[in-house]
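Q: Mind having a look at this structure? Questions to follow.
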Amino acid sequence: MNVIECTQLGKRYRRSWALRNCTLSLPAGHVVALVGPNGAGKTTLLNLAVGLATATTGAVTVLNGLAAGSPDALDRIAFVAQDAPLYKNLPAGDMLQVARHLNRRWDDQRARRRLADLGIPPKRKVGQLSGGQKAQLALTIALARRPDLLVLDEPLAALDPLARHDFMRSVMETVTADGISVVLSSHVVAELERVASYLIVLSFGQVMVSGKVDELVAAHGTSVEQIVLASMRESGKEVAA
């Protein structure tokens, strides 16, 4: 099964193409690292996949052929955006209640238990939480939906190193326990190299590299970081190490 499949996918904003001629298939059962410099088209690709944007050209399907953004697809995909949109004036526990009423699939026991395990007081307002706690609350809401596919768009960008480590550990524990597929975007390779089993490199809105990490490393005879840097140099852009 492919969790995301794109055919000649493109998205144009006025005269500028954010994504163009994107054709790829992401197989299930992987932690996919979507890597590229700022402005490469990572967020656009993910927004199209989760139904937050409409393609200008081409097509995208998810979870073995479901239309992106369809009710059946939305029930099985959880998405955490970079800004982790949460209501800052609501207590964390109330934020779970809001999410519970907005989603048809919801495991309230799991959400409450995870909040307690993280030491996040349910009566503390979201605006009073640390950056790491906000990210973990957003992840808790996503995981309570029991998704088949978890999509994370630059979730680590605003976090300190310890919070990044804790967040990624939570993601990998869920992958191990539930066997879900994950697509995780970032412009910092080091954050993803330890956990990713599949790699996509975007630049200028186009796919530069795509494949299983072990096969790419074997074919190129070098590390993931060097593969990414080489593809960026080829395209004329750099990505952070």
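Please treat every number below as a calculation from the coordinates, not as lab data. For clarity, every value in this text was computed on a predicted model and none was experimentally measured. Backbone-built Cβ (ideal geometry, glycine too); neighbour counts: all protein chains shown.
Q: Filter segment 64-106 down to the residues that are more than 13 Å from GLY51 (Cβ to Cβ) and among the acidic types (Asp, Glu) and list them by number.
A: Residues satisfying the conditions are ASP83, ASP94.
Q: Only one residue in ALA68, ALA49, ALA111, ALA135 is on the phi < 0 side of the Ramachandran plot and touching a Phe, Trp or Tyr at 6+ places or on another chain (Cβ under 8 Å), so which one is that?
A: Exactly one of ALA68, ALA49, ALA111, ALA135 is on the phi < 0 side of the Ramachandran plot and touching a Phe, Trp or Tyr at 6+ places or on another chain (Cβ under 8 Å), namely ALA135.
Q: Does at least one position in segment 220-233 carry a residue that is touching a strand residue (DSSP E or B) at 6+ places or on another chain (Cβ under 8 Å), more than 10 Å from GLY36 (Cα to Cα) and surrounded by fewer than 22 Cβ atoms within 10 Å (Cβ to Cβ)?
A: no
Q: Here's a follow-up. Are any residues in segment 52-106 among the β-branched types (Val, Ile, Thr) and under 25 Å from LEU9 (Cα atoms), and if so, which ones?
A: Result: THR54, THR56, THR57, VAL60, THR61, VAL62, ILE77, VAL80.
Q: Tell me, which strands (runs of 3 or more DSSP E) wholly within segment 133-230 include 3 or more residues that are more than 30 Å from ARG110 (Cβ to Cβ)?
A: Ranges flagged: 198-203, 206-212.
Q: Just need a number here: residues in segment 45-70 that are hydroxyl-bearing (Ser, Thr, Tyr) and touching a residue at least 60 places away in the same chain (Cβ under 8 Å).
A: 0
Q: Could you please find all residues in segment 156-205 being in contact with a helix residue (DSSP H, G or I) (Cβ under 9 Å, 6 or more places away or on another chain), surrounded by fewer than 21 Cβ atoms within 10 Å (Cβ to Cβ) and among the acidic types (Asp, Glu)?
A: Hits for segment 156-205 are ASP160, ASP166, ASP178, GLU193.
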